[in-house]
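A.B. asks: The structure follows.
The values are calculated or read from the model by the stated rules, or taken from the named source; none is laboratory data. Computed from a predicted model, the values in this text were never measured in an experiment. A quick note on method: Cβ atoms are made from the backbone with ideal geometry, for glycine too, and the neighbour counts reach across all protein chains shown.
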Amino acid sequence: MLAFAALAWVPWSASEYHTHVLVTSFYYVILAIGWNLLAGYTGQFSLAHHTFAGVGAYTSALLVQYAHVPILVGIAAGVIVAAALGYGLGTLCLRMRAIYLALATWAFAESMRLLITVEYGITRGDLGLATPFLFATPRPTLYYFLFLVLAILAALAARELIDSRIGSYMRAIRDDEEAAAVMGVDTFKWKRFVFAVSAVFAAVAGGFQGHYVGLLSPTPMKFNEMAMVVVMVIVGGLRTFPGPILGAVFIEVLSEALRAWGEVRMVLFALLVILIARGYPEGLVGIARAIGRAASPPRWPRSPRGAGAGAAARASHPAAASLRAPEDTSCS
């Protein structure tokens, strides 16, 4: 309750600039949560996630401007288009593995960016496409609460998916796809499903963000935007539930603090990723857990009755463990 009260008080106590930074942080939270579902929990490394945010934003803006549909209808249409593209791209690419999947999705992302750039007559290219604001005022206060609610809903939806039977399929595919297939999991079906779901997360974020910034351009669809999302998830904690949330807020705030450093900050982020990956593979979540263990009183190990028999009966394969029970995604 205290956390929610503090979040609700922020826009009334902070400047418009700091409120805008937090609005952008919540936008990245939604993006990072969606990409973590795909890469962290399903093991599919896509480099087109940010493109679906652009698809959602441009679809809504074009429909509102040329077809004069209501903004929320335009955002909903953008989500549907992004989901269909995600489903189709997943159908084409998800039989590929590792670097080939990454390269195929990157090629798709670059193709979409170039298409939007050259279609000057429709999208206005690099000059930017004006979009109407969702609210009557461009001031960030109302958008702060909107994006806060969207981020909370995205987190709840992701947690529900992770804790469901589909979540166990996702972890089984990530841990050992061949073993999961042997156990009866339709691996291609569920990979494609998660790919489409992650595209929906991105399109929701992009659609609302487009009607907040008021001007769309292909620049945010460049690769450095995707790199930023990857950094956020890895720094926060890949394969953990709170990781994308912590990482998105931390990196966005840090990025604004280092804005005067220009592109040098990207080098600093790269070094940060290397250091965290080396020392704490679970990122900020792993650091928080280590601090929690260090602060907690020591516990004497105990051997409960029947522990040996239970350990002997436990399946040893990681995919079997993934199918059997959801992993602990709490940050303690």
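A.B. asks: Considering only the stretch 276-286, I want to know if a residue exists there that is among the aliphatic types (A, V, I, L, M), at pLDDT below 85 and surrounded by 10 or more Cβ atoms within 10 Å (Cβ to Cβ).
C.D. replies: Yes, there is a match, as at least one residue in the stretch 276-286 is among the aliphatic types (A, V, I, L, M), at pLDDT below 85 and surrounded by 10 or more Cβ atoms within 10 Å (Cβ to Cβ).
A.B. asks: Pick from the stretch 63-111 the residues that are crowded, with 20+ Cβ neighbours inside 10 Å and more than 19 Å from the chain's Cα centre (by Cα): which of them is nearest to residue 48 (Cα to Cα)?
C.D. replies: Top of the filtered list is 93.
A.B. asks: Something else about it: Residues being part of a loop (DSSP other than H, G, I, E, B), touching a residue at least 40 places away in the same chain (Cβ under 8 Å) and over 19 Å from residue 222 (Cα atoms): count how many of those fall in the stretch 1-57.
C.D. replies: 4
A.B. asks: Also, quick follow-up: Looking only at the stretch 231-245, count how many residues are closer than 19 Å to residue 21 by Cα and either of a type in the set (Val, Ile, Thr) or surrounded by fewer than 19 Cβ atoms within 10 Å (Cβ to Cβ) (or both).
C.D. replies: 4
A.B. asks: Among the candidates 116, 122, single out the residue that is assigned to a helix (DSSP H, G or I), surrounded by fewer than 18 Cβ atoms within 10 Å (Cβ to Cβ) and more than 20 Å from the chain's Cα centre (by Cα).
C.D. replies: Exactly one residue qualifies, and that residue is 122.
A.B. asks: Out of the residues in the stretch 246-260 meeting the condition of being more than 19 Å from the chain's Cα centre (by Cα) and at pLDDT 80 or above, tell me which one is farthest from residue 289 (Cα to Cα).
C.D. replies: Only one residue fits best here, namely 259.
A.B. asks: Among the residues of the stretch 160-185, write down those that are free of Cβ contacts under 8 Å to residues at least 40 places away in the same chain and within 25 Å of residue 242 (Cα to Cα).
C.D. replies: 160, 164, 165, 166
A.B. asks: If the Cβ limit is 7 Å and pairs must be 6+ apart or interchain, which residue in the stretch 228-247 that is more than 14 Å from residue 154 (Cβ to Cβ) pairs with which residue that is polar (S, T, N, Q) and surrounded by fewer than 24 Cβ atoms within 10 Å (Cβ to Cβ)?
C.D. replies: Going by the 7 Å Cβ cut-off, the qualifying pairs are 240/329.
A.B. asks: Right, something else. Quick one: how many residues across the stretch 58-72 are without any contact (Cβ under 8 Å) to a residue 24 or more places away in the chain and either part of a loop (DSSP other than H, G, I, E, B) or among the small types (Gly, Ala, Ser) (or both)?
C.D. replies: Residues flagged as without any contact (Cβ under 8 Å) to a residue 24 or more places away in the chain and either part of a loop (DSSP other than H, G, I, E, B) or among the small types (Gly, Ala, Ser) (or both) within the stretch 58-72 amount to 4.
For every residue, the table says whether it meets (1) at pLDDT 95 or above; (2) within 12 Å of residue 198 (Cα to Cα).
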{"site": "35", "(1), (2)": "yes, yes"}
{"site": "46", "(1), (2)": "no, yes"}
{"site": "68", "(1), (2)": "no, no"}
{"site": "78", "(1), (2)": "yes, no"}
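A.B. asks: Quick one: residue 59 ticks every box in (1) over 21 Å from residue 197 (Cβ atoms); (2) buried (at least 20 other Cβ atoms within 10 Å of the Cβ) except a single one, so which number is it?
C.D. replies: Status for residue 59: all satisfied but (1).
A.B. asks: Scan the stretch 119-144 for residues that are touching a residue at least 60 places away in the same chain (Cβ under 8 Å) and either farther than 23 Å from residue 216 by Cβ or polar (S, T, N, Q) (or both) and jot them down.
C.D. replies: Across the stretch 119-144, the qualifying residues are 123, 131, 141.
A.B. asks: In this structure, is residue 143 closer than 22 Å to residue 30 by Cβ, in a helix (DSSP H, G or I) and modelled with pLDDT under 95?
C.D. replies: In short, yes.
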